[in-house]
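Okay, structure first, notes after.
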Amino acid sequence: MIYRLLALVFCLLAASNHAFAASQLSSAVSQLVVGIAPNWDSMTGKLQRLQKLNGRWERVGAPVEVLFGKHGLAWGRGEIVGQGGGPTKVERDDRAPAGIFKIGTIYTYDQSLPSGSEYPFHTVKPGDGWVDDLNSPNYNQHIEVDPMNPPAWYQKAKMRLGDFAYRWLIEIRHNSDPPVPGYGSAIFFHIRRGPTRPSAGCTTMAEPNLVTLVRWLRAAANPHYVCLPRAEYLARWQGWALPDPETVGLF
């Protein structure tokens with residue numbers, strides 16, 4: 001009974017927080033990253049970069065192979081609220097959020113980004129963490145603590161793990177504005193662990209492809225990420241003011 005009541009509260013909060021959500025991609029977006037999965041349960045897909053020049057979307061580079069959550073995709077909480085045809089993203093469901101999302105800060109173990117990069121970044125230090133505790137007031141947020149005197153919960157939240165897959169984390173702002181406990185946290189682009197090893201909800205790729213993405217992003221271009229199953233993209237691209245399917249490479 002308590003679980004059902006909490007679930008109802010989460011749904012009401014989500015509906016309230018998205019009462020004024022956008023219905024189309026902002027015209028201020030001139031860099032777009034599009035991830036397409038074959039269907040809702042697919043753990044693999046393709047990612048295409050696009051740049052808007054003189055009002056027209058153009059492909060940048062070739063599509064690259066990516067991995068999503070090991071259980072596929074689920075509707076996330078981003079710039080546009082997607083509903084119908086698929087599950088809703090919740091914490092620890094091993095699904096990548098589907099929808100349209102702002103791209104946020106890059107977090108890195110390094111003191112600088114790869115050469116040619118011009119994007120806001122934060123060097124991850126021993127006191128940096130990302131909270132996935134549903135009961136924390138800092139749920140789905142980056143936090144910094146005193147690494148010499150960390151709180152007990154910090155061990156599960158710390159970001160500097162010496163893990164090669166997290167050398168660069170590009171923030172995907174799912175369930176971020178504001179975060180609602182239970183709808184999923186800590187969603188990033190990062191290096192894949194292997195060509196057949198999906199994530200717990202992030203979008204992962206080979207390291208050279210991630211470095212190319214890091215170098216390409218520009219804050220002034222207001223970059224966004226579109227992540228959808230193929231059928232959902234085909235059904236929604238016009239209503240959401242997205243690039244046409246041929247430009248994205250779906251045909």
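Where a number appears in this text, it was derived from the coordinates with a stated rule and is not lab data. Fair warning: this is a prediction, and the values are worked out from it, not measured in the lab. Every residue, glycine as well, gets a Cβ built from its backbone with ideal geometry; the counts of neighbours run over all protein chains shown.
Summary table below
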| read-out | value |
| --- | --- |
| Lone qualifier among Ala157, Ala165, Ala186, Ala152 - being more than 19 Å from the chain's Cα centre (by Cα) and small (Gly, Ala, Ser) | Ala152 |
| Residue tally, condition within 10 Å of Arg173 (Cα to Cα) and either not aromatic (Phe, Trp, Tyr) or not in a strand (DSSP E or B) (or both), over the stretch 98-115 | 5 |
| Residue pairs meeting the criteria (Cβ under 8 Å; at least 6 apart or on separate chains; first loosely packed, with under 14 Cβ neighbours inside 10 Å, in the stretch 138-163; second not basic (Lys, Arg) and not in a loop (DSSP other than H, G, I, E, B)) | Glu144/Asp128; Glu144/Gly129 |
| Qualifying positions in the stretch 208-234 - in contact (Cβ under 8 Å) with a residue 12 or more places away in the chain and of a type in the set (Gly, Ala, Ser) | Ala219, Ala221, Ala231 |
| Within the stretch 113-137, tally of residues that are under 23 Å from Val211 (Cα atoms) and either surrounded by 11 or more Cβ atoms within 10 Å (Cβ to Cβ) or aliphatic (A, V, I, L, M) (or both) | 14 |
| Strands (runs of 3 or more DSSP E) contained in the stretch 33-90 and holding at least 3 residues in contact (Cβ under 8 Å) with a residue 12 or more places away in the chain and over 18 Å from Ala200 (Cβ atoms) | 44-53, 56-67 |
| Qualifying residue in the stretch 94-107 (condition: without any contact (Cβ under 8 Å) to a residue 60 or more places away in the chain and surrounded by 17 or more Cβ atoms within 10 Å (Cβ to Cβ)) | no |
| Listing of strands (runs of 3 or more DSSP E) fully contained in the stretch 167-251 that carry 1 or more residues being hydroxyl-bearing (Ser, Thr, Tyr) and crowded, with 23+ Cβ neighbours inside 10 Å | 203-205, 224-229 |
